[in-house]
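A short worksheet on the structure shown next.
What follows draws every value from the coordinates through simple rules; no lab data is involved. Please read all numbers here as calculations on a predicted model, not as lab measurements. All Cβ positions, even for glycine, are placed from backbone atoms using ideal geometry, and neighbour counts span all protein chains on display.
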Amino acid sequence: MIIPERYFAFPKKLIEYVTSRGITFIFWVPSVMINVANMKALEGAEDCGLKKILFAGEIMPNKQLNYWRAKLPNALYANLYGPTEITVDCTYYIVDKGFKDYEPLPIGFPCRNSEVLILNESNEAAVENEPGELCVRGSSLALGYWNDFEKSAKVFIQNLLNSSYFDRMHRTGDIVYRNKGGEIIFIGRKDSQIKHMGYRIEIGEIETAVLGLDGIHNACVIYNQLKSEITLFYEGDAGLTGKQIRLRLMEYLPKYMIPTKIHYLENLPLNSNGKIDRRRLARDYLEGNEGA
């Protein structure tokens, strides 16, 4: 069943619709689940009937996921990951243990008929806890981009770990690592990796820490290259000051990763896919506007 789009703007009505139609399985982008949690839309709806809750498309913060898990403890939760080029998910993680609000949620393990390779900067297989680019191969790998052979040749390449026969893989541009338990942990995009104050920083690590703070409902971090400033945009408690946020973040991040500028927004802009519109934020706020 496809839920009418108009309900997604009103979390309470969305959950009421799910309950009234007897829906037991949902597959949503995290921004929808975040809105439901932020608006406390599951209050009084613990018997809504949801049994399987899947999500994919962007990072799912554990703070909001913990709200869902507290209200619907018997449902199965699964975090899915995958680029369009692999049609469409290639890893999964069934959430079967507890996480603190500020911890990252694993993207898990490869799906059947998919293999995930993690290549370090030397294009060698990354070892445990070593960050690297996630590459994927398998039967669902696309043939390339329509009518764009140059772009296809850059990211659909021969498996760099196999020189014995033709073996295509896709370079996703996502930076991940495998932890001690073999779980794949998403860090951020290769093109969002920045160099600030002489340090190499993953924007995603800052966002994960921010999203774990009380009073923060959603957040996005962008680097202002011209001014060498880490800029934070957030939804949540408008009464929070930049100083308060920075002091809280210093419990989880080194000083060089603390945002320089902080902007409160009533609502973060979303693109047509329901994801945070980073380009719009950069265009509207990084030039001329000042934060806290």
request  = Taking the Cβ of Asp277 as the centre, find all other residues whose Cβ is under 11 Å away and add up their charges (Lys, Arg: +1; Asp, Glu: -1).
outcome  = +4
request  = Report, as a whole number in µm² per second, the diffusion coefficient that Stokes-Einstein gives for segment 5-81 at 37 °C and 0.692 mPa s using the Kirkwood radius over alpha carbon pairs.
outcome  = 267 µm²/s
task = Using DSSP, restrict attention to beta bridges with both residues in the chain and report what percent are antiparallel, rounded to the nearest 5.
result = 75 percent
query = Can you give the net charge of the other residues whose Cβ lies under 15 Å from the Cβ of Cys48, counting K and R as +1 and D and E as -1?
reply = +4
task = Please order Asp101, Asp89, Asp148 by the number of other Cβ within 10 Å, starting at the fewest.
result = Asp148, Asp101, Asp89
query = Per-residue ellipticity at 222 nm for the chain, helices alone: DSSP H runs ≥ 4 residues times -39500 (n - 2.57), over residue total, nearest 500 deg cm²/dmol?
reply = -6000 deg cm²/dmol
request  = Could you go through segment 15-21 in sequence order and give the Karplus-derived ³J(HN,Hα) for each residue, using 6.51 cos²θ - 1.76 cosθ + 1.60 with θ = phi - 60°, rounded to whole Hz, and x for Gly and Pro?
outcome  = 5, 4, 5, 4, 5, 5, 8
task = Quick one: of Lys154/Lys227; Lys63/Lys261; Lys13/Lys275; Lys63/Lys243, which pairs are farther than 25 Å apart, Cα to Cα?
result = Lys154/Lys227
message = Whole-Hz ³J(HN,Hα) for each residue in segment 220-231, computed from phi via Karplus 6.51 cos²θ - 1.76 cosθ + 1.60 with θ = phi - 60°, x for glycine and proline: what do you get?
response = 8, 10, 10, 9, 8, 4, 5, 9, 6, 10, 7, 10
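Provide the FRET efficiency to the nearest 0.05 for the Arg6-Asn66 pair, computing r from the beta carbons and using R0 = 22 Å. Could you put the intermediate results ahead of the total?
Numbers: r = 28 Å, r/R0 = 1.29.
E(calc), rounded to 0.05, equals 0.20.
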ask   = When all alpha-carbon pairs of the chain are counted, what percent fall beyond 31 Å?
value = 33 percent
query = So what is the diffusion coefficient of segment 32-74 in µm² per second by Stokes-Einstein at 10 °C and 1.306 mPa s, using a Kirkwood Rh over Cα pairs?
reply = 147 µm²/s
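Lys and Arg at +1, Asp and Glu at -1: add these up for the other residues within a Cβ distance under 13 Å of Ser122 and post the number. Let's see the in-between values first.
Values: positive: none; negative: Glu121, Glu124, Glu130, Glu133.
In short, -4.
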query = Considering the chain as a Gaussian network with a 10 Å cut-off on Cα pairs, which listed residue, Glu251, Glu58, Glu229, attains the greatest mean-square fluctuation?
reply = Glu251
ask   = Near the amide H of His217, under 5 Å away, which other amide H atoms are found, from residues 5 or more places off or on another chain, if H is placed in the peptide plane?
value = Glu235, Gly236, Asp237
remark   = The computed P(r) of segment 44-170 puts the percent of Cα pairs beyond 24 Å at 41 percent
key: Computed label-point distance, nm, for sites Tyr252 and Glu121 using a 7 Å Cα→Cβ extension   = 2.6 nm
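Order these by the 10 Å Cβ neighbour count, fewest first: Leu141, Leu211, Leu226.
Numbers: Leu141 18, Leu211 24, Leu226 8.
Ordered from fewest to most neighbouring Cβ atoms within 10 Å, Leu141, Leu211, Leu226 come out as Leu226, Leu141, Leu211.
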query = When only C-alpha pairs under 8 Å and at least 6 residues apart count, what is the relative contact order of the chain, in percent?
reply = 11 percent
remark   = In Å³ per residue, the alpha-carbon convex hull of segment 103-260 encloses 163 Å³
task = With only alpha-carbon atoms counted, please give the Rg and Dmax of segment 55-94, in Å.
result = 11.7, 35
task = Grab the alpha carbons of segment 197-285, take their convex hull, and tell me the volume per residue in Å³.
result = 99 Å³
task = Please arrange His217, His170 by counting, for each residue, the other beta carbons lying within 10 Å of its beta carbon, fewest first.
result = His217, His170
